[in-house]
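Chemist: Take a look at the following structure, please.
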Amino acid sequence: MRTQYITSTPFSDQRPGTSGLRKATQTFQKAHYSENFIQAVFNTLGIAGKTLVIGGDGRFHNKAVLQTIIAMAVAQGAKALIITQNGLLSTPAASHLIRLNQADYGMILSASHNPGGADGDFGIKVNLERGEPAPEHVTEAIYQQSLALDGYITTDNGAIDLSELGDTRLGDTKIRIISATTDYVALMQECFDFPAIKRWLEQYRIAFDALHAVTGPYAKALFVDALGVDETYLLNTTPLPDFGGKHPDPAPDRIDELKHKMTEDERIVLVAASDGDGDRNLISGRDGVINPCDSLAVIADHHADIPCLRTLRGVARSMPTCRAIDKVASAQRLTCYETPTGWKFFANLLDAELIQLCGEESFGTGGDHIREKDGLWTILCWLNILAVSGKTPDQLIHEHWQRYGRHHFNRFDYSGLDPESATKMLASLERDLTKYIGQTHHGLTITSAGQFNYTDPTNGETTPGQGLQVQFGSQARIICRLSGTDTRGVTLRIYCEYWQQDITTKPALAGTTATLASLAQGALNISAFCGKTQPDHIV
Ligand code: G1P
Ligand code: ZN
C-alpha cells in the first residue's frame, strides 16, 4: 500500500448546514471536492487510531465517496472502519452503530430527502461518538479546516469489495463489513412490544413505502420477517441510486401509491413512508396524513403504552413545530423544551436525560434510543399504541383533538430566493418587529414578537438568530426563517399555527393558516424583496 499526498486548493463553500454538507452531486464530483471535505473532518476529529462507522443511503455517487473515505482513512492510520454491506446504512442505524461499537465518529453519505442522481443532490453528515449530529462548534471547526487545506493524504490501493460480510485488514486498519439491519432490528425489539404488535397485525393491515431509498431492507426485516406482514404491503423496497427517479421525501403530496393501496384494501388502517436516509416518517390513517406535530403529541400522550417511553419525563420540539405537544406536556406534567431547527440541538438534552422524546414539524420524531430522528421507530411507536389501545389512527387523532383542541399547522415555502435579498428582507422585518406587539389582526392580538435565540440548558452554549417569531398568545403563532439545507438559492419558510379549542364548531379564524401566512407575506414584503407573490410549496 502506497501513501500519497495530493495537493489541492481550498473550496470556500464547505460550511455544513442544518444537516451536514449538502450540495449538488456535481459539486461533490469536482476534482478534490469530497477529498478536501473528508480531510477537513479528519483534521478536526482525528483519524489515526480512530474507529469510524461509514455508510450511506445508496444514492448516486455513494459508492465512489465511500471508497474515497476508506482509502484516506487507511492511509492516515484509522484503527477500524465499520462499514455496512454494500455501504447501505440509514441515518438512525448509523447513530445506533456508533453507540453500539463505541466508535469515535461516523460519516453518513446522504442528502436526506433531496432528490438523488447525477443532477440531484449529495451530502456528507458527520455524527460524533454518542451517535449525534456534529454540533455547531464542530461543524464550524471543520469548515475552518476546509479553508486552510493544501492537500490530503490517500492511497492508491483501489476499491475494496463491500458485498461480503466479514473482517479484513488493510495497512493498519481493520475493515469490518457488517449487516446494516441486524443490530437495528435488535434495538427495535428492545424498544417495542413485538408480540403485541404482531397480534394486532393479525386483524389490521398496514402498508409502507420505502421510496426506493435506504429503508427498504430495514422495513423488510422488521415488518415482514419479525412482524409477519405480507411482503406485498411493502412498496419500492429496492434501494436505487436515483430513487427510481422520484423525490425520496415522504410528503403528503407524494404518497399516491399508498393511497391507492388503501383504496384496494379496506383492512389497511395505517400507511407510512420514510425518506432517503430513513430518519423521517410520514404516517397516515384512512382519513388523511397525521400532521407530524400531532403525531409527536399523540406519542407523548400515549407514552405509557410504549415500552421504551414508559418512563418519559421530558419532551422537546423544534421552535417552528406547533405547540400541540405543549398541551400534552402540561396535562401530563412533562417538561417541554423548545430548540432551534435541526436534530443536533436535541442530543444534549437527551444525554442529560432531560428529555426522552423529541420531534420536528418536518416529519422527524425520535427518542433516546439513538441520537437521530428515526422514521421506522416512529412508525413502530404508532403500531405499539394501536396494539395496546385497539383503536385506529383516525380514532386516536380525533380523540386527541377532542381532548386538547386542534392545532392547525402548515409551512409555506418560498424557494429559490436570492440569499442576500432574503437575508435583507428578514433583517428589515426584524428591525420593525417590536412595533407589532399589541396590534390586533383578524381578531388576534400579538403578544410577543422577536428573534429566537437559543441557550442550551446543559452547557450554556448560545445559538442566536434562529428565526423570527410572532405570537398571538397560545392561540396562534407565525415563524419565519431561512432554510439551512438548500443547495440552490435559499428557501424562506413561514410556519403558521392556529389552535381551535372546540373542534365541533368552525374555527373562529377563517382560512386559519393561510390567513396567517398572507399576514406574514405582507409584513415581510416578499414581492418587493424577492419577487414572489405566492409560496412554491405548502406542507
Ligand atoms: C430541514 C427541516 C429541519 C430538519 C432538516 C434536516 O431543515 O426544516 O426540521 O432538521 O431539514 O432534515 P431546513 O431546510 O429548514 O434548515
Ligand atoms: Zn432524512
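The values are calculated or read from the model by the stated rules, or taken from the named source; none is laboratory data. Because the structure is predicted, anything quoted here is derived from the model rather than measured. With ideal geometry, Cβ positions are generated from the backbone for all residues, glycine too; neighbour counts draw on all protein chains shown. What goes into the accessible areas is simple: the full protein's heavy atoms, side chains included, and nothing from ligands, DNA or RNA. Shrake-Rupley method; radii C 1.70, N 1.55, O 1.52, S 1.80 Å.
Chemist: Are there any pairs, at least 6 apart or on different chains, whose C-beta atoms fall under 7 Å, with the first in segment 266-290 and of a type in the set (Ser, Thr, Tyr) and assigned to a strand (DSSP E or B) and the second open to solvent by 10 Å² or more (accessible area, probe 1.4 Å) and within 16 Å of ligand 1 (Cβ to nearest atom), and if so, which?
Modeler: 274/280
Chemist: Does segment 415-429 include one or more residues that are in contact with a Pro (Cβ under 9 Å, 6 or more places away or on another chain) and either open to solvent by less than 10 Å² (accessible area, probe 1.4 Å) or small (Gly, Ala, Ser) (or both)?
Modeler: Within segment 415-429, the first condition is being in contact with a Pro (Cβ under 9 Å, 6 or more places away or on another chain), and the residues that meet it are 415.
This time we only want the ones that are either open to solvent by less than 10 Å² (accessible area, probe 1.4 Å) or small (Gly, Ala, Ser) (or both), so: 415.
Yes: segment 415-429 contains one or more residues that are in contact with a Pro (Cβ under 9 Å, 6 or more places away or on another chain) and either open to solvent by less than 10 Å² (accessible area, probe 1.4 Å) or small (Gly, Ala, Ser) (or both).
Chemist: Right, next: Which ranges mark the strands (runs of 3 or more DSSP E) fully within segment 389-503 that have 2 or more residues being in contact (Cβ under 8 Å) with a residue 40 or more places away in the chain? I'd like the intermediate steps shown before the answer.
Modeler: Details: elements: 406-417, 448-451, 468-472, 476-482, 490-500.
In segment 389-503, the matching strands (runs of 3 or more DSSP E) lie at 406-417, 468-472, 476-482, 490-500.
Chemist: Give the residues of segment 234-260 that are assigned to a helix (DSSP H, G or I) and under 25 Å from residue 59 (Cβ atoms), sorted by residue number. If you could, list the steps in order and put the result at the bottom.
Modeler: Of all residues in segment 234-260, those assigned to a helix (DSSP H, G or I) come to 243-245, 252-254, 256-260.
243, 244, 245, 252, 253, 254, 256, 257, 258, listed by residue number.
Chemist: Anything in segment 119-147 that is more than 16 Å from ligand 2 (Cβ to nearest atom), open to solvent by 10 Å² or more (accessible area, probe 1.4 Å) and among the hydrophobic types (A, V, I, L, M, F, W, C)? List them, or say none.
Modeler: Within segment 119-147, 128, 138, 141, 147 qualify.
Chemist: Can you give me the number of residues within segment 376-403 that are out of contact with any strand residue (DSSP E or B) (no Cβ under 9 Å at 6 or more places or on another chain) and open to solvent by less than 30 Å² (accessible area, probe 1.4 Å)?
Modeler: So the answer is 4.
Chemist: Among the residues of segment 296-310, is any more than 30 Å from residue 245 (Cβ to Cβ) and within 17 Å of the chain's Cα centre (by Cα)? Quick ask: steps written out before the conclusion?
Modeler: Residues of segment 296-310 more than 30 Å from residue 245 (Cβ to Cβ): 296-310.
Applying the additional criterion that residues be within 17 Å of the chain's Cα centre (by Cα) yields 296.
Yes, some residue in segment 296-310 is more than 30 Å from residue 245 (Cβ to Cβ) and within 17 Å of the chain's Cα centre (by Cα).
Chemist: Can you tell me which residues in segment 335-365 are in a loop (DSSP other than H, G, I, E, B), open to solvent by less than 20 Å² (accessible area, probe 1.4 Å) and away from ligand 2 (no atom under 16 Å from the Cβ)?
Modeler: Matches in segment 335-365: 340, 355, 356.
Chemist: Can I ask one more? Looking at segment 104-118, can you tell me whether even one residue there is of a type in the set (Val, Ile, Thr) and either outside any strand (DSSP E or B) or open to solvent by 10 Å² or more (accessible area, probe 1.4 Å) (or both)?
Modeler: no
Chemist: Does residue 277 fit the bill of being closer than 23 Å to residue 411 by Cβ and among the acidic types (Asp, Glu)?
Modeler: Yes.
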